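Taken together, the values in this text are just the output of simple stated rules run on the coordinates, not laboratory data. From a predicted model like this one, the values you see are computed outputs, not experimental measurements. Glycine gets a Cβ as well: all are built from the backbone with ideal geometry, and neighbour counts include every protein chain shown.
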Number of protein chains: 2
Amino acid sequence: MTPVSLIAKAIVKERSRAKMSLSALAAKAGVAKSTLSQLENGHGNPSIETLWAIASALDIPLSYLFETPKSEFVIVRADEGDHLASDASSLTSTLLADCPPSRRRDIYRVTIKKGSVRKSSAHPEGTVEHAFVCSGKVRIGPDDNLKELNEGDYFRFPGDAEHSYESLTDNSLYILIMESPV
Amino acid sequence: MTPVSLIAKAIVKERSRAKMSLSALAAKAGVAKSTLSQLENGHGNPSIETLWAIASALDIPLSYLFETPKSEFVIVRADEGDHLASDASSLTSTLLADCPPSRRRDIYRVTIKKGSVRKSSAHPEGTVEHAFVCSGKVRIGPDDNLKELNEGDYFRFPGDAEHSYESLTDNSLYILIMESPV
DNA sequence: AGATATTGTTCTGTATATTGAACGATTATC
DNA sequence: GATAATCGTTCAATATACAGAACAATATCT
């Protein structure tokens, strides 16, 4: 995959997300329509300033033009996971998620009490959430994909749909990592 | 800060890290020395293919040419932290770390037994580690900045120096997030 | 020391990215 | 239904990024 074709796809995708016409984006970015048109068709070899102008007009950081997205469910139970090689047998380490390039990963500590259900509306498209339960038992996930997690369980799910959190024990503590396209 | 000046600094820094001469890098990347020279001096407006070639020759992803690093210690005790507003009082959420642009954040689950001390040599410059203790008590951090962490504690520290992990209880479980410049 | 590479910078010709206008095709407005 | 606006593409002219050679300065040889 050549860099230009990657960029081409990214621009097309972002422009449709921003609901802008090619002409409008070109005008806002201060580049010629023809330039943008060629770019979106994967032709040419744009300069960095051109890309910068386009990214700014789209309100996204430059690096977002190089990423390749993905989104899926992953659940790793407390006793599961690919253990990494470790010289000391007293230590086991499991890679729960490797980070795609150019994404934000904000880290939260969350405590939740039994009784109420915490609803969260859909985050921006492409958002992914990672939950890791430290103590207690929680029911979590998109409304059509709720999972029950025990201590040590890890769950990754799309955050760009309505989802909820609920504690099934008196108190629950979990780490929430909110991953969003920058 | 203009994009070209950012790129200029990044290339200079990376080239010195790779211990390459300007001529050697230009040759490996397949671009003229003059082009590279101008770039490093912040002149011109490079095309994406030129940057791509240089990044490849430096063995780094393109997006690394746009980042601005930082590194510091942060520790948030179990009962500390800036709680975010929450409609339901049954839920408290604390932002432990917001993610700088263009960095990898790989997530690990780690269990460690009492007795041995797990040593880790220095990771690439700019690496930051986040540790969140789920159960047990651990002593963790760079050798000159070891911290004792209890359940619920969060600790962020530079990973580009020698550091170690040790369990002070029979068993400990913590989440380790390895943040690296990419 | 003398000779020879190698360092990074500056210059000029050429290739090409960018522009602005003209284009037909669609959609909106009256 | 006719007019007007906007859509995205294609074309010629211009601005400029790139390659290659010449350059002085430093480093590495015999």
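Taking the simple approach of a point 7 Å from Cα along Cα-to-Cβ for both A:S34 and A:D143, what is their distance in nm?
5.1 nm
Roughly how large, in nm² to one decimal, is the mean projection of the convex hull of the alpha-carbon atoms in segment A:125-181? Let's see the in-between values first.
On the way: hull surface 13.4 nm².
The orientation-averaged projected area of the Cα hull of segment A:125-181 comes to 3.4 nm².
About the Cα centre of segment A:5-58, what is the dipole size in debye to 20, counting +1 per Lys and Arg Cβ and -1 per Asp and Glu Cβ, all else neutral? Walk me through the intermediate numbers first.
Values: 7 positive and 3 negative charges, 49 e Å.
Result for segment A:5-58 is approximately 240 debye, rounded to the nearest 20.
Could you list which residues have their amide H under 5 Å from that of A:A122, counting only those 5 or more apart in sequence or on another chain, with H placed in the peptide plane?
A:E162
Identify all lysines with a Cα-Cα distance to B:K19 below 24 Å; exclude those on the same chain that are fewer than 8 residues away in sequence.
Straight-distance partners of B:K19: B:K9, B:K28, B:K33, B:K70.
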